[in-house]
Each structure stands twice: as structure tokens, then as C-alpha cells.
């Protein structure tokens, strides 16, 4: 089998040169002097080498006294030793030394892999630490047969960039080029990607470009220009994407995206919470990053860039004349989750109140037009307009989900949807989402109706811990069930190791009859999707409509697919049977109840499919 190596050359960090020496480079515009401190010998002793100052705040050194496996730090102005912000590996966590890595040492075996087109995407989001008892890359690799058999086509990893402590969701990373050592060495992640490709599975990675975590980020000591006080974020000072020295900052993130996609051969990235990125430049960092990625890889393989964006900025999802995405292929559609959640649970607190008045209308609008909020004012956001028109975009531009890490873990106690609603409403919601033309996303364990909570957990140093716990409880003050301060004590302590342990999946649940039934349903729906729908989704354009009757909780929707076949949905998303609805004269693709039944049973979903060559 053909093997090859993959290296993404970067203008910073530690790079192995052709002659075997190591080039160290650091942008430290606030430093007068920078040294490289090497740990060499056995037992290791420190060797300190002065770096050359170069224009623009750069420091550089080429040395043959370091090699692959050497651990090193940068010393700033003869005082503080810090890890490399572009470190490829942190064997002793975010405060420890960085390690020189030779990325060409991994022999890739997936030379023929070109990815999969987006219309085939069925995404499975997982957290490396919680997916298996072992909580590492190698253990996930052992589950690839299971995932491929389930019917998913892409696994999406919550962020793996090195974070402080023993556990974290991943959104507090500070060494953005280094896979966290608790999950395994870099080659373990490469082995996982390599094996996933052998199973026909894409691998997507969550990346965080809107902030750094509160512990382990040393950039402010020697590169305060990395941040700006012109903008603020929920996490403090914003990343400087549009001020003086912003070019260096932008290149840092652009190279990070290229690094993961090239050196780890990933198939795509999900950019977390880009609504928290403040950038007044033209083009902004999101456009420049996407353009650089597409220019770098061209048409050599499928690369998928996905956004999380509370602003519902449809301009990032625009299509070219050939229906290819200009910048980003899709966005996680929180609107459809929120509308469906209100319908299923009746909850109307927090951001759910924006959907409380007419959740069925919002759901229908999502199915027909993408976003529910396309410029309308949001009560939850103090009456500010939210969103941009999206009806011209195809269904493929919107990722649908019933739960994900946010919608589960940001509940006070991390309850999953299966703990909140009965089996009939849940089955209806699954049938709706898994057979809709938009790409669906499952959250780990959803497929067997896992009862394990997924709570918020972290492991920060002592002076941060109390603030994190207090902040977590403050989030829920005043929400139903938590007005009494004693009730707040029920919220799991993010810093308690048991909170992390209890968030791990229980794989034995799958063997119990009730859980086996949910697993069978997921497999049945995904197999049907792959067989009957996926071949028809190529070149899918924006040709869909929806109609709702909120008083009867009945929804119908119609899509013209890429091969001119017609997909039709008729759903009763209420607890009472509904009358007066005539099904279309199309063959039934799938139904939760007996097809053509009148009245429409409560919580029923029926899909109809007419082939393109059949007269209307």
C-alpha cells in the first residue's frame, strides 16, 4: 500500500529543516530578548541559546543542538520561560515545555482518500474524553466499525487543542496546534484519522478562533498586540483581527486551519462561535481564512468548512453559479433546534422564548428557508434584529440536530433530550430530522437513547476554580427550578472529577431492550437516507416550501431534489390527532404510523417521495 508523509510548513514554531537542524521562530514584539531553553542529555540539563532579533518583532534561531523529541521553552527578556504558542505537542500540559515533532515521521496509508461530497454528510459529534472509558484517540479508533455500521459518514471531534488540567470540553484551549496529551500523542490522532478514512468516514474538527482559555495563554507577556481593547468578548479582550499588527495574528489562525487540514489530513473544520469574532476589516478574517483554505487545496479533495454563528449571517454561506459554496458549506442551525425543542418540551425560558409564540411556524420556516430569524427582532436579545435573508440558500447549508454538546451540556444538569420528552415525540423528531435534505448531526450516545448526562466540566488551577463554579451557578439563577439558592447546589460542580466521569458514555446501555430499539431506529432511518435520499441530493438548489397550521400542530413541507424528484413531509407535532389533511399522491418513503391514516395520529411523521421521471 502506498504511504506518504504530510507536513504543513509554518513561519513560526519549531520546524525540522532538510539538513536535520531545527529552526525556532517566535513573534514577540514586546520583548527585547528571547532565548531558546533546551532540555538535553540524560538526565536532562538546560541549554540556553540566544535567538536573533529580526524586523517586525520576530526572533529566530537555527540550531543543530535540538532534534526530534527535544523539549524546549522560550525565555522572555532573561526571565519568564513560556511554551511555544505554535507547539505541535505539550507532553506536560499547557505550562510545561514544548516538544519538537517531526510531522513527516508518520507514514499515511490513505493516499487515495479524497473525502466525501457534502451531500453525503451525516455527522456524529463526540468528545474524545467521554466517548469511551479510556478517553483517548486509540479507544475512539476501536469504535470506527460501529460508527460506520450506524450509518454516519463523518465524525466531528470536539476541540482537541491542548487545554489546562485533566479534563475540559476543549473550548478553553491555549496551545492551538497541539493535540492534548491526555488523548494521546500527535501520531495517535493521525492514526485515528487514517483509520477513519479506511472506514469511509470523514473527520471534522471543532476549532476555537474567538478566544483563548483562561489558563495557560502567555501571549500577553511578549505579544500583547495579539489582543485589542477596541472590541470585547464574553471572555475578555478580543483577538486583534483588524488593528495594528493584525496581519501576524490573522496568519496565526489561517495557518492553524491549514495545519489541521494538511498535516492531520482532516476533512473539515467547524469554527466555534464566530459571532464572538470582532473584525471590521475587509475582507474579514472569516472570508480570508476560507479563501486561503480553498486556494490551498483547490479541487484536490473535499474540504468542508462549517460555522457556528448566532448572528445568522447568510452571506458566509453564499453559493457560486455552479452551486458550490463560495466560503462556508454550512452553519449549525440553532433555530431549528430551538423551535423543535419548544414543541417537544414546552420550555420557553432563555433563548427559547424567541420561539415560544409560534414554534411550528419557526420550524417550518427553517425547513423552507434556512433560518427562522432573518432580520426580525429578537426578544431574547433585547429587541435587536438578528439574521439575514436565507431563503435563496439550499437545504445543504444548514446542519440540523436534536441535541449537541451545547444544547445538552449547557443545561444546568446536562440532561439529554430523551430525559425530557416521551418516546412518541422523540421518535417523531428523529424521523423528521434524519430524513430531511439538510445534513443531520447526532450527539454521541443519542443513537441508543443514552441516559448519561453530559455536563460542563473543567480542571483549572486554584485561583480560577471558584470563579468558574460561581459563574456556572450564576448562569441559571432565576431559571425555572433554580430560584431557590439551595437548588443551585444541585448543579454539578464543573471542577469535581466525578462530573467528568459521570459524563462518560455507558456502552452497556446499548444492550438493554429499550436502548436497542432506539439504536435500531437510527440505523433504519440512516440506511434509508443513504439509499433513497443521498443520491438525489447532489446539486440541491433552494427549491423548497413549507406550510403550517399552528392551531392543529400540523406541518407540511416540500422539496424539489437535485434529480427533480419531490420529497414531501406531512407531520402532526402535537399530542392530539388532527383531521382534514389529505396526503399527497406520492409513494410513502417512511412513516412513524400506518400510511394514509386519517385522522393524522398525534406525533406522527410521514415522508413521501416522487421520482423525477414520474408526472406530477
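The values are calculated or read from the model by the stated rules, or taken from the named source; none is laboratory data. All of these numbers come straight from a predicted model, not from anything done at the bench. Cβ: placed from backbone, ideal geometry, glycine included. Neighbour counts: every protein chain shown.
Quick notes
- Matching option when the condition is surrounded by fewer than 22 Cβ atoms within 10 Å (Cβ to Cβ), touching a strand residue (DSSP E or B) at 6+ places or on another chain (Cβ under 8 Å) and in contact (Cβ under 8 Å) with a residue 12 or more places away in the chain, among 290, 313, 276, 246: 276
- Residue 514 meets each of the listed conditions (1) closer than 26 Å to residue 143 by Cβ; (2) assigned to a helix (DSSP H, G or I); (3) under 27 Å from the mean Cα position of the chain (by Cα) apart from (3).
- Some residue of region 44-59 being within 27 Å of residue 264 (Cα to Cα) and surrounded by fewer than 17 Cβ atoms within 10 Å (Cβ to Cβ): no
- Qualifying residue in region 459-469 (condition: within 19 Å of the chain's Cα centre (by Cα) and on the phi < 0 side of the Ramachandran plot): no
- Residue-level analysis places residue 436 among those that are part of a loop (DSSP other than H, G, I, E, B), touching a residue at least 40 places away in the same chain (Cβ under 8 Å), in contact with a helix residue (DSSP H, G or I) (Cβ under 7 Å, 6 or more places away or on another chain) and closer than 30 Å to residue 527 by Cα.
- Some residue of region 443-453 being crowded, with 22+ Cβ neighbours inside 10 Å, in contact with a strand residue (DSSP E or B) (Cβ under 7 Å, 6 or more places away or on another chain) and in contact (Cβ under 8 Å) with a residue 12 or more places away in the chain: yes
- Within region 181-198, considering residues that are in a loop (DSSP other than H, G, I, E, B) and free of Cβ contacts under 8 Å to residues at least 60 places away in the same chain, the one nearest to the chain's Cα centre (by Cα): 183
- Residues in region 559-587 that are under 34 Å from the mean Cα position of the chain (by Cα) and either free of Cβ contacts under 8 Å to residues at least 24 places away in the same chain or part of a loop (DSSP other than H, G, I, E, B) (or both): 560, 561, 562, 563, 564, 565, 573, 574, 575.
- Those residues of region 320-335 which are surrounded by fewer than 18 Cβ atoms within 10 Å (Cβ to Cβ) and at pLDDT 95 or above, in sequence order: 326
- Tally, over region 12-36, of residues that are surrounded by 15 or more Cβ atoms within 10 Å (Cβ to Cβ) and in a loop (DSSP other than H, G, I, E, B): 6
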